[in-house]
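Some notes on the structure that comes next.
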Amino acid sequence: MSTEYEAGDVNVVDDEVDNEFDDDVELEDDDNVVDGSAEVPVAVATYLAKALADSPDEVEVTASARGDQVKVSVTVAPGDMGRVIGRRGRTAQALRTLVAAAGAKAGVKTNVDIVDV
């Protein structure tokens, strides 16, 4: 077997390929963002909550300052609460973990609350 490079080798990185994930997330004007530092965690929470909900149009995510942390509040339709919380809170905990990771990347501590209306 030859160890030389062959044209079309799948293990070669092509520098001209665009990255399908964009780190610069832009939020709509009506989203409540604290000093711009909560854009990424709010975008992640919004994306995940809308993906989980049967009524994605009724998902509302806001951010507010709470000491040195950003509090992310997720509000969904009453029928979607069970889907977002999950069995024994596992889905909600996964949501909190992913939002915390996104917040850590943005350099901010996050706290996610699922609001019951």
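The values are calculated or read from the model by the stated rules, or taken from the named source; none is laboratory data. Quantities reported herein were computed from a predicted structural model and do not represent experimental measurements. Note that we place each Cβ from the backbone using ideal geometry, even for glycine, and neighbour counts take in every protein chain shown.
Conditions (1) modelled with pLDDT of 90 or more; (2) in contact with a Lys or Arg (Cβ under 7 Å, 6 or more places away or on another chain), marked per residue:
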| position | (1), (2) |
| --- | --- |
| 13 | no, no |
| 35 | no, no |
| 49 | yes, no |
| 57 | yes, no |
| 61 | yes, no |
| 69 | no, yes |
| 72 | yes, no |
| 75 | yes, no |
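Rundown of residues vs (1) touching a Phe, Trp or Tyr at 6+ places or on another chain (Cβ under 6 Å); (2) small (Gly, Ala, Ser); (3) outside any helix (DSSP H, G or I); (4) farther than 12 Å from residue 44 by Cα, yes/no style:
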{"residue": "61", "(1), (2), (3), (4)": "no, no, yes, no"}
{"residue": "65", "(1), (2), (3), (4)": "no, yes, yes, yes"}
{"residue": "70", "(1), (2), (3), (4)": "no, no, yes, yes"}
{"residue": "73", "(1), (2), (3), (4)": "no, yes, yes, yes"}
{"residue": "84", "(1), (2), (3), (4)": "no, no, no, yes"}
{"residue": "90", "(1), (2), (3), (4)": "no, no, no, yes"}
{"residue": "113", "(1), (2), (3), (4)": "no, no, yes, yes"}
Collect the residues in segment 77-95 that are surrounded by 19 or more Cβ atoms within 10 Å (Cβ to Cβ) and at pLDDT 95 or above, keeping them in residue-number order.
-> 95
Restricting the search to segment 66-91, which residues are free of Cβ contacts under 8 Å to residues at least 12 places away in the same chain and out of contact with any Leu (no Cβ under 9 Å at 6 or more places or on another chain)?
-> 67, 82, 87, 88, 89, 90
Single match in 94, 104 (criterion: under 13 Å from residue 38 (Cβ atoms), assigned to a helix (DSSP H, G or I), within 13 Å of the chain's Cα centre (by Cα) and free of Cβ contacts under 8 Å to residues at least 40 places away in the same chain) = 104
